[in-house]
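Please treat every number below as a calculation from the coordinates, not as lab data. Since we're looking at a predicted model, the values are computed, not measured. Heads up, the Cβs are rebuilt from the backbone with ideal geometry, glycines too, and the neighbour counts pull from every protein chain shown.
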Amino acid sequence: MQNIKILVATHKKYKMPADTSVYLPIHVGCEGKEDLGFQGDNSGENISTLNPYYCELTGLYWAWKNLDCDYLGLVHYRRYFTKMTKKYNESINIDDVILNRYEIEELLENSEVIVPKRRKYYIETLYSHYDHTFDGIHLDEYVKYAPE
């Protein structure tokens, strides 16, 4: 059996995968924060205090310096590698849709790296992206007062 660790980067309490032999929840940017009960990125050699600048990479750095494993992966606490036959939605059990150890090992038989399926992003303006993600009024207000 290969030693596979997939970090699940989080900054808040959230339901995590049951298979802790593969999935390791890591509290990124945890230096000086309330303990969530997950592995923190502030032990051993670390850059936890740099989390505002590097986000989830502080967890990856921690793993690089402090874990011994054959394969290392990183996912976000709401974004996992999933089975091709299942589509995620909030009502299903996370363990029913994410890759399990067997499926990960099977993928690694044919490649050294696992990446998500390529997605096509359609061209849009910064304004349209911000407008449908947040609220375009914020940018409208900024433009009123921003120097040209």
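Determine the sum of side-chain charges near Leu50: Lys and Arg each +1, Asp and Glu each -1, restricted to other residues whose C-beta is under 15 angstrom from that of Leu50. Here the count lands on -2. From least to most packed, judged by other beta carbons within 10 angstrom and beginning with the fewest, Leu107, Leu36, Leu7 follow the order Leu107, Leu36, Leu7. Cross-linked pairs Lys5/Lys117; Lys65/Lys120; Lys33/Lys117; Lys5/Lys33: Cα-Cα separations exceed 28 Å for Lys65/Lys120; Lys33/Lys117.
Enter the angle in degrees (range 0 to 90, nearest 10) between the Cα long axis of helix 57-66 and the first principal axis of the Cα atoms of the chain, meaning the one along which they spread out most. Once rounded, one gets 30 degrees. Across all directions, the shadow cast by the convex hull of region 4-116 built on its C-alpha atoms averages 7.4 square nanometres. Model label points for His11 and Lys120, set 7 angstrom from Cα along the Cα-to-Cβ axis, are 3.3 nm apart. Which is the longest part of the chain that has none of the chymotrypsin sites (Phe, Trp or Tyr not before Pro) sitting in a DSSP loop with at most 16 other Cβ atoms within 10 Å? The longest uninterrupted stretch comes out as 15-87.
Which whole-number percent gives the relative contact order of the chain, counting Cα pairs below 8 Å spaced six or more residues apart? Each step should come with its number before you reach the end.
Numbers: 176 pairs, mean separation 29.0, N = 148.
It comes to 20 percent, rounded to a whole number.
Derived from the Cα gyration tensor, the three semi-axes of the equivalent ellipsoid of region 92-148 are 43, 15, 9 Å, largest first.
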